[in-house]
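K.L.:
Dropping a structure here in structure tokens format, bear with me for questions.
Since every read-out is calculated from the coordinates, none of them should be taken as a lab result. Everything numeric in this text was worked out from a predicted model, so none of it was measured.
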């Protein structure tokens with residue numbers, strides 16, 4: 001079941017500020033979780049730059065020639081989320097990339113709607129497999145549940161390990 005009144009459309013340049021606002025709000029608990037798990041010293045050395053680079057990644061998805069298709073989720077003409085999709089026509093593998101729902105609208109089926117849309121886009125483009133990557137830490141539990149709800153059922157667990165030198 002998807003959120004009532006959900007509309008998904010291609011992102012436009014004028015959406016950039018709102019999409020980044022959603023990204024920052026949605027990923028704040030994730031970045032805080034990473035810092036908590038890693039500790040301040042390892043986080044600063046090994047993770048912080050990657051977290052900070054996410055803003056540039058989102059902005060790059062709005063540029064001409066990006067390998068990503070970026071879509072906006074709207075409810076009542078209010079931008080409440082976004083999802084990126086990459087289609088590899090050689091391998092026939094589609095990927096859901098950076099995506100987020102405004103935390104003020106979480107738990108209303110918006111993620112499911114965005115993922116259903118993305119999977120439909122992949123099928124329309126002739127993809128044979130859909131993939132998505134997410135974290136295994138507690139802050140990613142809602143994302144994992146949403147992906148499972150959207151039918152992602154095969155997974156390869158991964159562990160990223162760190163130590164100070």
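K.L.:
Taking the chain as a Gaussian network, where each spring joins two C-alpha atoms under 10 Å apart, which residue of 30, 129, 72 fluctuates the most?
P.N.:
129
K.L.:
Of the candidates 106, 143, 17, which one comes out as most mobile in a Gaussian network treatment of the chain with C-alpha springs shorter than 10 Å?
P.N.:
Between 106, 143, 17, it is 17 that shows the largest mean-square fluctuation.
K.L.:
For the range 6-149, what is the convex hull (Cα atoms) projected area averaged across all directions, in square nanometres?
P.N.:
8.9 nm²
K.L.:
Take the eigenvalues of the Cα gyration tensor for the range 82-141, scale each by 5, and report the square roots as semi-axes in whole Å, largest first. Display every interim value, and only then the final one.
P.N.:
Details: eigenvalues 107, 37, 13 Å².
Each semi-axis is √(5λ); the values are 23, 14, 8 Å.
K.L.:
Moving on. Would you compute, from DSSP H runs of 4+ residues alone, the mean residue ellipticity of the chain at 222 nm, taking -39500 (n - 2.57) per run and dividing by the full residue count, rounded to the nearest 500?
P.N.:
Rounded to the nearest 500, the figure is -12000 deg cm²/dmol.
K.L.:
Counting DSSP beta bridges in the chain, what percent are antiparallel, to the nearest 5?
P.N.:
Antiparallel bridges make up about 85 percent of those DSSP assigns within the chain.
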